[in-house]
1. When you check Leu85 against the structure, is it in contact with a helix residue (DSSP H, G or I) (Cβ under 8 Å, 6 or more places away or on another chain), crowded, with 16+ Cβ neighbours inside 10 Å and not hydroxyl-bearing (Ser, Thr, Tyr), yes or no?
2. Within the range 7-66, take every residue that is among the β-branched types (Val, Ile, Thr) and surrounded by 10 or more Cβ atoms within 10 Å (Cβ to Cβ) and give me the one that is farthest from the chain's Cα centre (by Cα).
3. Report every pair of residues separated by at least 6 positions or lying on different chains whose Cβ atoms are under 6 Å apart, first residue within the range 78-91 and free of Cβ contacts under 8 Å to residues at least 60 places away in the same chain, second of a type in the set (A, V, I, L, M, F, W, C) and part of a helix (DSSP H, G or I).
4. Residues of the range 78-100 being among the hydroxyl-bearing types (Ser, Thr, Tyr) and not in a helix (DSSP H, G or I), which ones?
5. Tell me yes or no: at least one residue of the range 116-133 is at pLDDT below 75, surrounded by 13 or more Cβ atoms within 10 Å (Cβ to Cβ) and either in contact with a Phe, Trp or Tyr (Cβ under 6 Å, 6 or more places away or on another chain) or not basic (Lys, Arg) (or both).
6. Among the residues of the range 98-144, what is the count of those that are in contact (Cβ under 8 Å) with a residue 12 or more places away in the chain, outside the structural domain of Phe81 (by TED's automatic domain parsing) and not aliphatic (A, V, I, L, M)?
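The values are calculated or read from the model by the stated rules, or taken from the named source; none is laboratory data. Nothing here was measured: the structure is a model prediction, and the numbers come from that model. Here the Cβ positions follow ideal geometry from the backbone for every residue, glycine too, while neighbour counts run over all protein chains shown.
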Amino acid sequence: YYTPMMVFQRLLQEQHFPEATRWLQYVWNPAGHVVNGVLQNYTWNVRPLEEDTGWNDSPLDSIDPDAIAQYDPMHYKVATFMSYLDLLIARGDAAYRLLERDTLNEARMWYVQALNLLGDEPYISFDADWSALTLGDAASEVTRRDYQEALLAVRRLVPAPETRTANS
């Protein structure tokens with residue numbers, strides 16, 4: 001996973017988009033993979049990512065992002081998906097900067113493709129109260145554990161526990 005993504009990031013920075021796309025497809029190809037002229041029924045080309053289909057229920061108690069992602073490969077999937085969106089947007093931006101009729105249409109095509117991958121905007125309720133935390137509260141283990149549990153509740157579509165304020 002690491003080598004193709006590292007090469008992809010470098011090629012993306014240098015705006016070598018076809019090569020960057022090719023390297024990203026070593027990890028993930030949303031159109032699927034063709035082997036000997038036959039379309040296969042998988043999109044992830046990395047076995048742990050192909051086999052992992054959901055979030056882990058118990059988060060790893062670590063601050064190392066690689067350890068967390070190896071414990072729960074869904075984080076790699078999200079990072080790869082976001083990298084693919086970065087590629088589409090960068091291609092659109094590069095085409096838009098040329099300011100010609102054909103390149104403006106091409107830019108629109110890349111932007112629409114990224115928008116289609118994102119799907120419809122989710123509904124977000126704005127009636128929930130946000131409480132401001134002090135730095136000491138935010139750094140405490142209890143608060144971090146509470147936030148991890150709240151995030152897991154959101155993933156499971158369970159109502160969040162009572163909201164806490166800075167004074168409670």
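1. Details: in contact with a helix residue (DSSP H, G or I) (Cβ under 8 Å, 6 or more places away or on another chain): yes; crowded, with 16+ Cβ neighbours inside 10 Å: no; not hydroxyl-bearing (Ser, Thr, Tyr): yes.
Taking the combined requirement at face value, the residue does not satisfy it.
2. Ranking the candidates gives Val34 first.
3. Leu85/Ala114; Leu88/Trp110; Leu88/Ala114; Ile89/Ala114
4. Of the residues in the range 78-100, the ones among the hydroxyl-bearing types (Ser, Thr, Tyr) are 80, 83-84, 96.
None; the set is empty.
5. Yes.
6. Of the residues in that region, 4 qualify.
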